[in-house]
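One structure below.
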């Protein structure tokens, strides 16, 4: 349980590092195109995200497209599940499911904003060196309680160091 909390905290810090940049702005920005896949042939609805289905969906279902890049339900669910795992048995199941429904839209909006900001960083040719990335991961690792390793936290969260490095690197580009 402690490992899950630490991983969730680390991921929340990493993900939120660049999330407030577009706060209060429309998600559609300039030439960037965002669409919600409705699952019907050749039919894509412009946002709002609040109309996302809350019933269980295949993890491979495309829930949004940002500049041609797909966001899958599995990515949204992984982040929601990680955040909800922090609360564990502290809340009734019905409340957890209500929170899950509310979090789906927020997480998707966050992922869209993140993709837009990453596209902007790429356009501006912002790069993060391996040394900078390693230093940031070392900084995060140093905050873990004694006896808890990064490998243990990652294993508990069913993710890898490569995924974490990629997410941290992308967020470092965004906040540059």
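The values are calculated or read from the model by the stated rules, or taken from the named source; none is laboratory data. If you're wondering where the values come from, they're calculated on a predicted model, not measured in any experiment. Note that each Cβ is placed from the backbone with ideal geometry, even for glycine, and that neighbours are counted across all protein chains shown.
Structure values in brief
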item: Residue match in the stretch 103-114 (condition: out of contact with any helix residue (DSSP H, G or I) (no Cβ under 9 Å at 6 or more places or on another chain) and buried (at least 16 other Cβ atoms within 10 Å of the Cβ)); result: yes
item: The listed residue being at pLDDT 50 or above, part of a loop (DSSP other than H, G, I, E, B), within 17 Å of the chain's Cα centre (by Cα) and over 22 Å from residue 165 (Cβ atoms), out of 60, 20; result: 60
item: Residue 150 vs. criteria over 18 Å from the mean Cα position of the chain (by Cα), buried (at least 16 other Cβ atoms within 10 Å of the Cβ) and without any contact (Cβ under 8 Å) to a residue 40 or more places away in the chain; result: yes
item: Residue match in the stretch 124-138 (condition: in a helix (DSSP H, G or I), out of contact with any strand residue (DSSP E or B) (no Cβ under 6 Å at 6 or more places or on another chain) and closer than 25 Å to residue 67 by Cβ); result: yes
item: The stretch 64-82 - residue that is touching a helix residue (DSSP H, G or I) at 6+ places or on another chain (Cβ under 7 Å) and either surrounded by 18 or more Cβ atoms within 10 Å (Cβ to Cβ) or without any contact (Cβ under 8 Å) to a residue 24 or more places away in the chain (or both) and, of those, nearest to residue 154 (Cα to Cα); result: 82
